[in-house]
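What follows is calculated from the coordinates using simple rules that are stated; it is not laboratory data. Everything quoted here is computed from the prediction, not taken from an experiment. Note: ideal-geometry Cβ built from the backbone for every residue, glycine included; neighbour counts use all protein chains shown.
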Amino acid sequence: MRDWSPERVARAAGARLVSPAPHAAGPQRVVIDSRAVGPGDLFVGLTGEKVDGGRFAPQALASGAWGVLVGPDHADAARCAPPGALLAADDPLDALGRLATAWRRHLQARVVGITGSTGKTSTKDLLAGMLATQRRVVATAQNLNTEIGLPLTILGAPPGTDILVLEMAMRGKGQIAELARIAEPDVGVIVNVGPVHLELLGSIEAIAAAKAELIAGLKPGGTAVVPANEPLLEPHRRDDVTTVTFGPDGDVDALPDTLTLPFTSTHMRLNALAALAAARAVGVEPEGEVDVALSNMRGQRIALPGDITVVNDCYNANPMSMRAALDDLAVSAAGRKVAVVGDMLELGPDEAAYHEEVGRTASESGVRLLVTVGPRAERVGATFRGGEHRHATDARAAAQLVPDLLEPGDTVLVKGSRGVGLEAVVQALEAAA
C-alpha cells in the first residue's frame, strides 16, 4: 500500500481519518504487535481478552509508525504522540478485514481458500509448492488462518502477486463465512469433513455445514474442490459454481507421471490430489519436482543419532488425522514403530470411543511401543494390543519418560491436540541426542 494516500487507506478500512500522515506515501506493511512496529508500518490496535492493543498507539508512533488504526478513544489520546496518521474505527478488527479485502482487489490476484477437518495445512503447502515454479504465490504462513491471521497474510502480499493460497480455520458456525467474505476466493477447497470440534458444533452434519460456508462464499462462476463421494457436502453444492471432485472415482483421481512429490503416504497423496485440482482451477498444470516446505510441527521428519527418526506431528490431532498418521507410520518405518499419542480434544460425549478406536488402529499399524499422554489418551491404551504400553500424565512427564525407551532404528510418531503440548517430547528427544 506504499502508493496509497492516507485518505485511501482510511476509506478502504471504513475508518475515519482523524489526522493525516505528515507525508503522502502509504504504509509499507501492517502489524498488530506494537513491539514489532518499525518506520513506515501501520499499527492496528486490536482488542484482546486481556489487553486492548489500541492503548499502545503512542508507543507505535514513537517507534516511527506511518500511522495507527485504533478505536476512537485511543486515536484521540494519540493526538499528542509523534506525528503519524491517526485512523479511528469502532471495530479495528473489522477494519483490518476491510483493508485486506481492498488490498486483495487491488492485487487482482486469484485467491484459493482451503479448509478441512484435517490436512488443510499440508494441502496449502502442497499447492503453494505446485504453483511456485510458474506463478508468484503468497501462502498462509504457519497458523495465520483466523480472522486476524488471514487479513495479515493478504496485506503482506506484495504488488505483482499472482495467486493467494489462504488456509481457513474454524471452531464454530459462521467463521469460515467471515474469512470468505474477507478473502473473496475464486476457488474453495474442502479437504475433508470429520469429527473435529464436535464439542462445539454437536454433529458431523453441522461440521460439514460450517466447512461448506466456503462454497457459499464463492462468487458465481467460481470453483469448489471437494472430496469424491462425500455425501455430507452434497446438500451444499451450487449450480452456479463448478464442482471438481478429487480422490478415488473423482474428477482428479491420479497424479501425473510428470509430477514428483517428496512422500508416498496415502493421506498426503490424497491431499496432493486436492492441491492438483485447485492448481488446475487457477490455470496451472504442475510438473516436475515439487518443493514442499511443510509447516512447523505438521509431519516434519527429524533424523537423530542411532538411525532414529522422529515424526513431529504434534500441532494438532483428531480421529481422522490420527489414523492417517498411524497409517503413514505403518508404511514408512523401517524399524520398530513407536507412537507417542496425546489427548484429542473437543470431541464431545463420544470422546472415549474415538480414543479407543485410535488404540485399535495403532495395533493394526504395527506399533510396538505406545506411550499415551493425558487422561483421555488412557483410553487409547485400553484397546491397544500391539506391544508395550506406557502412560504419562502430561507432556512434561512424557518428555522425561520417552528418551529412555527408544532403541536404534526406531521411528517415533509424536501426535496430540495442541493443548497437550507434545512438542516438549520432541525437544527432549533432540536434547538427548
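For this structure, a couple of remarks:
- Subset of LYS124/LYS173; LYS124/LYS219; LYS124/LYS415; LYS173/LYS337; LYS211/LYS337 violating a 32 Å alpha-carbon distance limit: LYS173/LYS337; LYS211/LYS337
- Taking 0.36 nm per residue of sequence separation and removing the Cα-Cα distance, the ALA216/ALA352 pair yields an extension gain of 45.6 nm.
- Gaussian network model of the chain, springs between alpha carbon atoms under 10 Å - residue of ALA109, ALA277, ALA62 with greatest fluctuation: ALA62
- Scattering profile of segment 19-132 at q = 0.10, 0.12, 0.18, 0.22 Å⁻¹ [log10 I(q)/I(0), Debye over alpha-carbon scatterers]: -0.38, -0.52, -0.89, -1.10
- The Rg/Rh ratio of segment 66-122, with Rg taken over Cα atoms and Rh as the Kirkwood radius over Cα pairs, comes to 1.19.
- The charge dipole of segment 108-289, taken about its Cα centre with unit charges on the Cβ atoms of Lys, Arg (+1), Asp and Glu (-1) only, comes to about 400 debye.
- The slack between LEU405 and LYS50, meaning 0.36 nm per residue of separation minus the straight C-alpha distance, is 123.6 nm.
- A Förster radius of 41 Å combined with the Cβ-Cβ distance from SER363 to GLN134 puts the calculated FRET efficiency at roughly 0.40.
- Relative to one another, the C-alpha centroids of segment 365-401 and segment 271-331 are positioned 23 Å apart.
- Dipole of segment 108-289, positive direction: furthest Cα of LEU164, LEU276, ILE154, with charges on the beta-carbon: ILE154
- Stokes-Einstein D (µm²/s) once Rh is taken as the Kirkwood radius of the chain over alpha-carbon pairs, at 10 °C in 1.306 mPa s: 69
- Segment 234-282: C-alpha pair distances exceeding 13 Å, %: 61
- Here the calculated FRET efficiency for ARG237 and ARG8, from their Cβ-Cβ distance with R0 = 45 Å, stands at 0.70, rounded to the nearest 0.05.
- Each Lys or Arg adds one and each Asp or Glu subtracts one; over the other residues with Cβ under 15 Å from the Cβ of GLN300, this totals -3.
- Between ARG301 and GLU289, the contour length at 0.36 nm per residue exceeds the Cα-Cα span by 2.4 nm.
- Descending semi-axes in Å of segment 300-432, equivalent ellipsoid built from Cα gyration tensor: 21, 16, 13
- Within segment 121-256, the percentage of alpha carbon pairs spaced more than 27 angstrom apart rounds to 18%.
- The order of VAL341, VAL371, going from fewest to most other C-beta atoms within 10 Å of their C-beta, is VAL371, VAL341.
- Annotation for segment 1-56: trypsin sites (Lys or Arg not before Pro) lying in DSSP loop with at most 11 further Cβ atoms inside 10 Å of their Cβ are LYS50.
- Near GLY419: Cβ cut-off under 10 Å, other residues only, Lys/Arg at +1 and Asp/Glu at -1. The net charge is -1.
- Extreme residue, positive dipole direction of segment 120-233, given options PRO220, LEU233, ALA208 (C-beta unit charges): PRO220
- Considering only GLY172, GLY129, GLY160, the mean-square fluctuation computed in a Gaussian network model of the chain, springs between alpha carbons under 10 angstrom, is largest for GLY160.
- Net charge contributed by nearby residues that have their C-beta within less than 14 Å of LEU369 (K/R +1, D/E -1): +1
- Between segment 1-46 and segment 221-270, the Cα center-to-center distance that results, in Å: 40
- With only the Cα atoms considered, segment 344-386 has a convex hull volume of 55 Å³ per residue.
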